[in-house]
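Since the structure comes first, as structure tokens, the remarks are kept for the end.
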Amino acid sequence: MNKKQDSAQQRILKSAVKEFAKHGFWGARSSRIAKGAGINKAMIFYYFSSKENLYRVIIEDTMKAVLEDVRKFIMKTDSPDKLFEALPEVYIRFFSKNQLLAKIMIHDLVQNPDHISALIATMFKQASFKPQIIFKEMVRDWYEKGIISESDPVHVILNIMPPSLFCFIGLPMVEAVLDRKIDINDKFIEDRIKSVVNLIKRGMLK
């Protein structure tokens with residue numbers, strides 16, 4: 001692939017992320033993606049074959065990046081205390097730098113949860129690293145040893161992910177309620193990580 005082709009693909013991906021974040025998969029239009037990328041609409045299908053495949057590439061790239069960060073932390077984690085510090089930090093730092101990707105995922109979880117869930121499920125099945133298996137074993141072991149209060153990995157995940165991600169989706173609502181502008185700067189990110197970690201530890205550590 002030459003530099004011109006690579007540049008065109010990157011422009012398409014960048015424009016598509018904005019389009020999917022604003023309209024979701026079902027409301028996104030290839031014509032708007034092409035206009036945002038400054039290319040002919042036919043080029044989208046030349047590089048990605050379909051809107052579905054373009055969307056899949058974006059979701060897969062996002063999940064691969066997150067999973068790689070999760071893998072690094074899980075492989076060196078030997079206690080729930082460390083895990084409850086690591087996972088919120090992974091999610092918050094990643095999505096603070098990729099806020100449009102967080103909006104894409106939330107958008108389609110509301111519009112058509114089966115669509116994005118099927119993509120993510122396929123990725124997890126194909127991945128060589130299986131964090132879901134390791135995570136289930138960790139939760140069971142820690143619960144049986146009386147270290148954590150929650151035995152169901154479903155609730156453990158739900159206790160970690162929503163408070164880690166909601167700030168990038170729900171911040172406008174919080175600003176309206178409190179009547180103040182909130183900047184997502186370095187201090188906000190550090191404070192958010194500390195707050196979420198503290199909340200999770202208090203709720204699940206014995």
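The values are calculated or read from the model by the stated rules, or taken from the named source; none is laboratory data. Because the structure is predicted, anything quoted here is derived from the model rather than measured. Positions of Cβ are generated from backbone atoms using ideal geometry, with glycine treated the same way; all protein chains shown enter the neighbour counts.
Looking at the structure I just gave you, is F135 assigned to a helix (DSSP H, G or I), aromatic (F, W, Y) and more than 23 Å from R71 (Cα to Cα)? Full working, then the answer.
Working: assigned to a helix (DSSP H, G or I): yes; aromatic (F, W, Y): yes; more than 23 Å from R71 (Cα to Cα): no.
No, not satisfied.
Condition test on D81, is it surrounded by fewer than 19 Cβ atoms within 10 Å (Cβ to Cβ), acidic (D, E), at pLDDT 85 or above and in contact with a Lys or Arg (Cβ under 8 Å, 6 or more places away or on another chain)? Show your work before the answer.
Details: surrounded by fewer than 19 Cβ atoms within 10 Å (Cβ to Cβ): yes; acidic (D, E): yes; at pLDDT 85 or above: yes; in contact with a Lys or Arg (Cβ under 8 Å, 6 or more places away or on another chain): yes.
So D81 fits the description; yes.
Which of the residues belonging to region 4-30 are farther than 18 Å from T62 by Cα, hydroxyl-bearing (S, T, Y) and either surrounded by 17 or more Cβ atoms within 10 Å (Cβ to Cβ) or modelled with pLDDT of 95 or more (or both)? Once the filter is applied, which keeps residues that are farther than 18 Å from T62 by Cα, hydroxyl-bearing (S, T, Y) and either surrounded by 17 or more Cβ atoms within 10 Å (Cβ to Cβ) or modelled with pLDDT of 95 or more (or both), region 4-30 yields only S30. Only one entry in R140, R192, R180 is modelled with pLDDT of 90 or more and assigned to a loop (DSSP other than H, G, I, E, B), namely R180. For S164, the conditions (1) part of a helix (DSSP H, G or I); (2) modelled with pLDDT under 85; (3) among the polar types (S, T, N, Q) all hold with the exception of (2). Number of residues in region 49-76 that are within 23 Å of Y143 (Cβ to Cβ), without any contact (Cβ under 8 Å) to a residue 40 or more places away in the chain and surrounded by 13 or more Cβ atoms within 10 Å (Cβ to Cβ): the value is 1.
Can you confirm whether F135 is over 16 Å from the mean Cα position of the chain (by Cα) and at pLDDT 85 or above? Answer is yes for this residue.
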